[in-house]
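The values are calculated or read from the model by the stated rules, or taken from the named source; none is laboratory data. As the structure is a prediction and not an experimental result, all values here were calculated from the model. Every residue, glycine as well, gets a Cβ built from its backbone with ideal geometry; the counts of neighbours run over all protein chains shown. Note: accessible area is taken over every heavy atom of the protein model, side chains too, but ligands, DNA and RNA are not part of it. Shrake-Rupley method; radii C 1.70, N 1.55, O 1.52, S 1.80 Å.
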Amino acid sequence: MKKKLFLIILLMSSFFAKAQTNPAITSWIQNTTGIMGRHYVSGNSTPIQDATLANVQTVQYSTNWAYVSATGIPAYVTGPFMGNPSIATNQNAIFKMPLNPVQNTGTPTATTGGNIGIFINGVALFDYRDGVSWNTTTNALCGGPAGSPCPGGMGTAQAWNRDAILAERGGFDCAKAHPAMGNYHHHQNPSAFNLDLNVISTICNLYNADGLYAIDSTVHSPLLGFAYDGFPIYGAYAFSNSNGSGGIVRMKSSYQLRNITARTVWADGTDVADGPVVSATYPIGYFREDYEFISHPGQEDYLDVHNGRFCVTPEYPNGIYCYFTTVDARWNSTYPYVVGPTFYGTVVAAKVTSITETVTTYTPTSTGISTVGNDVLQANVFSSHSNELIVVQINGLNKENLNVEMYDLTGKLVSKNVLYSGTTISYFDTQTLYGGVYIVKVSGLKGIVTKRIVVSK
C-alpha cells in the first residue's frame with residue numbers, strides 16, 4: 001500500500017513540475033501589487049486613476065487547461081479614443097486556454113469578429129476587421145455601431161470587408177488599441193505608435209507613449225500572448241531558422257497588396273459583386289480582399305497563410321507553431337497583423353463564466369525584464385523634443401515593478417517614479433528643475449541601470 005501511495009505522489013509531483021513549466025501557465029503578467037488601470041480624457045494629458053485592477057489577476061490550471069482571470073485592462077494608460085466617447089471597462093473574464101494545442105488537419109477555421117486571442121496582460125486580441133463592409137446592393141458602407149445594417153446582419157461576411165487598422169487608425173490610442181462596447185483590444189502589434197521607426201499617428205504627441213512592449217530588433221521578441229487555438233503569439237523578431245539557429249531577423253507577412261484599380265474579383269479569381277474602385281476615399285488596403293498571399297519557398301522568415309510558422313523559441317526549446325505580430329521594415333503593422341485570416345490549430349479556447357473542474361492556482365515568480373538573449377535590465381534615457389520631459393524607455397517586455405529615480409550631482413533624490421509591470425515608459429517633468437546634469441537610476445531584479453542626462457534651460 002505504501003509503495004502504491006508513493007507512486008501516486010511521484011506521478012502527481014511529476015505532473016505539477018511539468019505543468020508549471022508550460023508557458024501557457026507561467027507567461028502571464030499577474031498583478032501581485034494592486035496596480036490599477038488609468039485612462040486619458042481627450043484634451044488632458046494627466047491620466048485619470050481607475051478603480052479596476054490591471055493585468056491578470058489569477059492563473060489556475062488542470063491537466064489540459066489554463067484558466068486566466070483578467071479584467072481586460074492593461075497597466076499602460078488607455079485612451080483617449082478620438083471620435084469615440086467610450087472607455088475601457090472591466091470585462092471580469094475567465095479565459096479557458098488549452099495547454100496542449102493541436103494542429104487543425106481539416107478545413108481551417110476562419111477568424112471572427114470579437115476575441116480571437118488574449119495577450120499576456122489579459123487584454124483581448126481581435127483580427128483585422130471592424131464589422132464594417134461594402135454593401136454591394138446600395139454601393140455604400142454598412143455595419144459598425146453607427147452604420148446602416150448589412151445584408152444578413154452586422155458582422156456577416158461580405159464580398160469586401162473593411163480593415164480596421166487602416167480605417168480606424170484615428171480612433172486608436174497610443175498603444176494602437178480601442179474599446180468595443182468597453183472591451184479594450186488590439187488588432188495589431190501592441191507597441192506604442194511613436195516607438196515605430198515611421199510614426200503614422202500623432203496621438204502620442206499629447207498623450208504619453210506606452211504599450212505592452214518595445215520592439216528590439218537585436219533579440220528574439222518576447223512571448224506576447226496566445227491565440228484561441230492555444231498557440232503562442234510572439235513579437236516581430238525571431239531566429240532566422242525555424243530550428244532556433246541563425247541570427248535575429250524580422251518575421252515577414254507573406255501577404256501583399258494586389259495590383260488592382262477596380263474591385264471586381266478576389267485574389268483567387270472568384271467573381272464577386274463589385275466593390276468601390278480604388279481611390280483616395282477607399283485606398284488599396286482599405287478592405288481585406290485587397291491582399292493576396294504569395295508563397296516564399298525556402299525563405300523561413302516569411303510566414304504561412306495563418307501568419308505563423310513552426311519554430312524553436314526561448315520558451316519552447318523543443319519547438320512549437322508560433323504566430324507573429326508582423327510589421328514592415330519601418331515597424332508599421334502589416335496584414336494580417338497577428339493571426340489570420342484562418343487559425344492554424346483547433347479553436348477550443350473561450351470565455352467561461354466559471355471553472356467546473358479541480359484546478360491548481362499558479363503562484364508566479366518574479367522574472368523581471370523579458371528580453372531574451374540579454375538577460376539584464378536595459379533602459380534608454382533621453383529628453384523629449386521640447387526638453388520638458390525626461391523619458392525612461394525599457395527595452396523588451398517588463399514583468400516587474402521597477403524603481404525609477406532621479407538624483408542631482410550631490411546625490412540628492414530629486415524625483416521618484418514606479419514603472420509598472422506591463423508598461424515600458426516612465427517620465428519626469430523637468431519644468432521645476434534647474435538646468436544641469438542629473439543621474440537617472442532604474443533598478444529591478446535584473447540589475448541597476450544609471451544614466452546621465454542634461455537638462456537645458
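Based on this model, can you work out whether Thr71 counts as in contact (Cβ under 8 Å) with a residue 40 or more places away in the chain, polar (S, T, N, Q) and within 14 Å of Asp229 (Cβ to Cβ)? Judged against the criteria, Thr71 is not a match.
Residues are listed down the side, and each one gets a yes or a no for (1) crowded, with 20+ Cβ neighbours inside 10 Å; (2) modelled with pLDDT of 95 or more; (3) of a type in the set (Gly, Ala, Ser):
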residue: Pro47; (1), (2), (3): no, no, no
residue: Leu53; (1), (2), (3): no, yes, no
residue: Val68; (1), (2), (3): yes, yes, no
residue: Gly83; (1), (2), (3): no, no, yes
residue: Gln91; (1), (2), (3): yes, yes, no
residue: Ile94; (1), (2), (3): no, yes, no
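Candidates in the stretch 65-84 are the residues that are under 14 Å from the mean Cα position of the chain (by Cα) and assigned to a loop (DSSP other than H, G, I, E, B); of these, the one that is farthest from Asn44 (Cα to Cα) is Gly72.
Residue-by-condition table, conditions (1) over 28 Å from Ser42 (Cβ atoms); (2) touching a residue at least 40 places away in the same chain (Cβ under 8 Å); (3) buried (at least 19 other Cβ atoms within 10 Å of the Cβ):
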position: Asn161; (1), (2), (3): yes, yes, yes
position: Leu166; (1), (2), (3): no, yes, no
position: Pro179; (1), (2), (3): no, yes, yes
position: Leu206; (1), (2), (3): no, yes, no
position: Ala227; (1), (2), (3): yes, yes, yes
position: Ser242; (1), (2), (3): yes, yes, no
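Screening Gly235 with (1) surrounded by 18 or more Cβ atoms within 10 Å (Cβ to Cβ); (2) out of contact with any Leu (no Cβ under 8 Å at 6 or more places or on another chain) gives one miss only, at (2).
Among the conditions (1) surrounded by 13 or more Cβ atoms within 10 Å (Cβ to Cβ); (2) hydrophobic (A, V, I, L, M, F, W, C); (3) in a strand (DSSP E or B), Val454 misses just one, which is (1).
Taken together, the criteria place Glu292 among residues that are in a strand (DSSP E or B) and in contact (Cβ under 8 Å) with a residue 24 or more places away in the chain. Taken as a whole, the condition of being assigned to a loop (DSSP other than H, G, I, E, B), aliphatic (A, V, I, L, M), open to solvent by 10 Å² or more (accessible area, probe 1.4 Å) and without any contact (Cβ under 8 Å) to a residue 60 or more places away in the chain applies to Val199. Regarding Ile87, is this residue of a type outside the set (Lys, Arg), at pLDDT 90 or above, surrounded by fewer than 22 Cβ atoms within 10 Å (Cβ to Cβ) and within 22 Å of the chain's Cα centre (by Cα)? Criteria met by Ile87. For the stretch 208-215, the condition of being closer than 30 Å to Leu141 by Cβ and either open to solvent by less than 10 Å² (accessible area, probe 1.4 Å) or part of a loop (DSSP other than H, G, I, E, B) (or both) holds for at least one residue.
Of the strands (runs of 3 or more DSSP E) that lie entirely inside the stretch 309-399, those containing 1 or more residues that are at pLDDT 95 or above span 320-324, 350-352. When the criteria are applied in full, Tyr438 meets the requirement of being of a type in the set (Phe, Trp, Tyr), farther than 28 Å from Tyr234 by Cβ and at pLDDT 85 or above. Residue-level check: of (1) among the acidic types (Asp, Glu); (2) open to solvent by less than 60 Å² (accessible area, probe 1.4 Å); (3) in a loop (DSSP other than H, G, I, E, B), Glu300 misses just (2).
Scanning the stretch 272-297 for residues that are open to solvent by 20 Å² or more (accessible area, probe 1.4 Å), aromatic (Phe, Trp, Tyr) and within 15 Å of Pro341 (Cα to Cα) gives Tyr291, Phe293. Looking only at the stretch 417-435, residues that are part of a strand (DSSP E or B) and surrounded by 12 or more Cβ atoms within 10 Å (Cβ to Cβ) come to 7 in all.
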